[in-house]
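Chemist: Would you mind keeping the following structure in view while I ask a few things?
The values are calculated or read from the model by the stated rules, or taken from the named source; none is laboratory data. As the structure is a computational prediction, the values presented were derived from the model and not from experiment. Neighbour counts are summed over all protein chains in view; Cβ atoms, including those assigned to glycine, are modelled from backbone coordinates with ideal geometry. What goes into the accessible areas is simple: the full protein's heavy atoms, side chains included, and nothing from ligands, DNA or RNA. Shrake-Rupley method; radii C 1.70, N 1.55, O 1.52, S 1.80 Å.
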Amino acid sequence: MSRVARMGTAPTARGSDGPRVVSIIGSGRSGSTVLDIILGSHPHIEGVGALSKLPRSGWIPDDDRRCSCGSPIHQCPYWTSVRERWIEAVGGDRLARYIDLQDRYERTTARWPRLALEQRRPSSSFLEYGEMTGALYRAIGAVSGRPVVLDSSKKPIRTYALLATGAIDVRVVHMVRDGRGVVWSRLKSLPRDVEGGVPSARPPTPPWRTTLHWTQANVESEWVTRRAGRSGAARVTYESLVADPRSVLQRLSSVVGEDLGHVMERLENGDAMTVGHRVGGNRMRFGGSVRLRPDLEWTTKLSSSDGETFWRMAGWLARRYGYAR
């Protein structure tokens, strides 16, 4: 019996014929892009970045968001090929319909109860959402020629919806970073730089607001991870990844379903990882290639008052992940 079937979900007919999907979830600025690029260097794994942003922000002709290759996403040959295969699979260009389904099942956390109900008694629209999403992953698998698609959208609710539809084989990686590092990252303002991966200006985010988001995203990610089952999910921290990547990758091998020894060797040799074709995610995806380097700037630059704000609000959860005051 499959993991999805054990969850009580009614799988769709084509749930086993697509690529294996590895979904990275958690709070933003937690290192998901780094992990995406590292795992995507494996010859069997296609890292595509935050795939949830593709239909709305990538396939709309008047949107100038860029693929990591440098081309506007709607002009990128790779994503154009993916779209052609997806259109063929779903029976016509149903982009507007798919965006509507994403809005319905992925975007609002207030709809968690609705998804729980859909899991027990799936509606025709929910099954349609699953089939169209499954078709997207299958299109990526066909174009890339790789059996594993790595999606770092980070949205727990999206991952739960994918698990519940039963349309694809989903594995889950919950990525956690010390929330004080996330607070420091979001305190930095970013000017608009389309070619550099910032489609719109980003003002600084107050520490209390970042802390609320960090807490909510991680609590929801824990909930989804439990529902994926022990064999289909893992939690890793950014700090452990940069300190001991071999140990982290050994743990992830069983979840991903691939021997990651080749990736470990590349990291230990200091080899650069190519970024491929990724949508969304950290600006580092525009660098052509990356190496694993720890970013612990917050430990010396975050003010004590901002650090205290985080700890008063979320210290209870941070301690659970092994962080100390």
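Chemist: Positive end of the charge dipole of the chain (Lys, Arg +1 and Asp, Glu -1 on Cβ, about the Cα centre): tell me which of PRO113, SER41, THR133 has its Cα farthest that way.
Modeler: Result: PRO113, furthest along the dipole toward the positive end.
Chemist: Where only protein heavy atoms count, and the probe is 1.4 Å, what is the accessible area per residue for the chain in Å²?
Modeler: Solvent-accessible surface per residue comes out at 43 Å².
Chemist: What does the convex hull of the alpha-carbon atoms of the chain project to on average, in nm²?
Modeler: Numbers: hull surface 62.6 nm².
That works out to 15.6 nm².
Chemist: Hey, another quick one. I'd like to compare 38-50, 153-165, 241-253: which one has the highest average count of other Cβ atoms within 10 Å, and what's the full order after that? List each step's numbers first, then the result.
Modeler: On the way: 38-50: 23.5, 153-165: 25.8, 241-253: 16.6.
Listed from highest to lowest mean packing, they are 153-165, 38-50, 241-253.
Chemist: Assuming a strict under-21 Å limit between Cα atoms, what lysine pair count do you get for the chain once near-sequence pairs (fewer than 8 apart, same chain) are dropped?
Modeler: Pairs that pass both the separation and distance tests number 4.
Chemist: For Cα pairs less than 8 Å apart in space and 6+ apart in sequence, what is the mean separation divided by the residue count of the chain, i.e. the relative contact order in percent? Each step should come with its number before you reach the end.
Modeler: Numbers: 554 pairs, mean separation 97.6, N = 325.
It rounds to 30 percent for the chain.
Chemist: In deg cm²/dmol and to the nearest 500, what is the mean residue ellipticity at 222 nm of the chain if only DSSP H runs of at least 4 residues count, each as -39500 (n - 2.57), divided by the residue total? Before the final figure, lay out the partial values.
Modeler: Details: 14 runs with 154 residues, N = 325.
Theoretical 222 nm ellipticity from helices: -14500 deg cm²/dmol.
Chemist: If I stretch the segment between ARG104 and GLN216 completely, what's the gain in nm (0.36 nm per residue apart, minus their alpha carbon distance), one decimal?
Modeler: So the chain would gain 38.3 nm between ARG104 and GLN216.
Chemist: By the gyration tensor of its Cα atoms, with a ≥ b ≥ c the square roots of the eigenvalues, what is the shape of region 101-187: rounded for a/c under 1.5, prolate for a/b over b/c, or oblate? Write out the running numbers ahead of the final one.
Modeler: Working: a/c = 2.38, a/b = 1.25, b/c = 1.91.
Cα axes put region 101-187 in the oblate bin.
Chemist: Mind ranking 219-225, 167-173 by how tightly packed they are, going by the mean number of other C-beta atoms within 10 angstrom, highest first?
Modeler: Values: 219-225: 19.6, 167-173: 26.4.
Ranking, from highest mean packing down: 167-173, 219-225.
Chemist: Considering amide H positions built from the backbone, and no H for Pro or chain starts, which residues 5 or more places from VAL22, or on another chain, come under 5 Å of its amide H?
Modeler: VAL149, LEU150, ASP151, ARG171
Chemist: Then there's this: Anyone know which of GLY91, GLY261, GLY232 comes out most mobile in the 10 Å Cα GNM of the chain?
Modeler: GLY91
Chemist: Another question, then. Using the basic label-point model (7 angstrom from Cα toward the beta carbon), what is the THR300 to ARG114 distance in nanometres?
Modeler: In this crude spin-label approximation the distance works out to 4.8 nm.
Chemist: How large a share of the accessible area of the chain, in percent, is made up of carbon and sulfur atoms when the probe is 1.4 Å and the other protein chains stay in place? Display every interim value, and only then the final one.
Modeler: Details: 6870 of 13990 Å².
In the chain, the share of accessible area belonging to carbon and sulfur is 49 percent.
Chemist: Cβ under 13 Å from HIS262's Cβ, HIS262 left aside: what net charge do those residues give with Lys, Arg +1 and Asp, Glu -1?
Modeler: Details: positive: ARG246, ARG266; negative: GLU258, ASP259, GLU265, GLU268, ASP271.
With Lys, Arg at +1 and Asp, Glu at -1, the neighbours total -3.
Chemist: Tally Lys and Arg at +1 and Asp and Glu at -1 over the other residues with C-beta under 13 Å from the C-beta of TRP298: what net charge comes out? Present the calculation step by step, with values, prior to reporting the outcome.
Modeler: Values: positive: ARG29, ARG177, ARG180, ARG186, LYS188, LYS301; negative: ASP178, GLU239, ASP295, GLU297, ASP306.
Here the charged neighbours net out to +1.
Chemist: Here's something else I'd like to know. May I ask which residue of SER189, ALA217, LEU241 lies farthest towards the positive end of the charge dipole of the chain, with charges of +1 (Lys, Arg) and -1 (Asp, Glu) on Cβ and the Cα centre as origin?
Modeler: Selected residue: ALA217.
Chemist: Sort 268-275, 133-140 by the packing proxy (mean of other Cβ within 10 Å over each peptide's residues), most packed first.
Modeler: Numbers: 268-275: 14.1, 133-140: 24.5.
The peptides rank, most packed first, as 133-140, 268-275.
Chemist: Tell me, what ³J(HN,Hα) does each residue in region 266-275 have, in order and in whole Hz, if you take phi through Karplus 6.51 cos²θ - 1.76 cosθ + 1.60 with θ = phi - 60° and put x for Gly and Pro?
Modeler: 5, 5, 5, 7, x, 5, 7, 9, 6, 8
Chemist: Only loop residues by DSSP count here, and only those with at most 13 other Cβ atoms within 10 Å; note down the trypsin sites (Lys or Arg not before Pro) in region 22-82 that meet that. Please list the in-between numbers first.
Modeler: Details: sites: ARG29, LYS53, ARG56, ARG65, ARG66; in loops: ARG29, ARG65.
Here no trypsin sites (Lys or Arg not before Pro) fit, given the DSSP loop and packing criteria.
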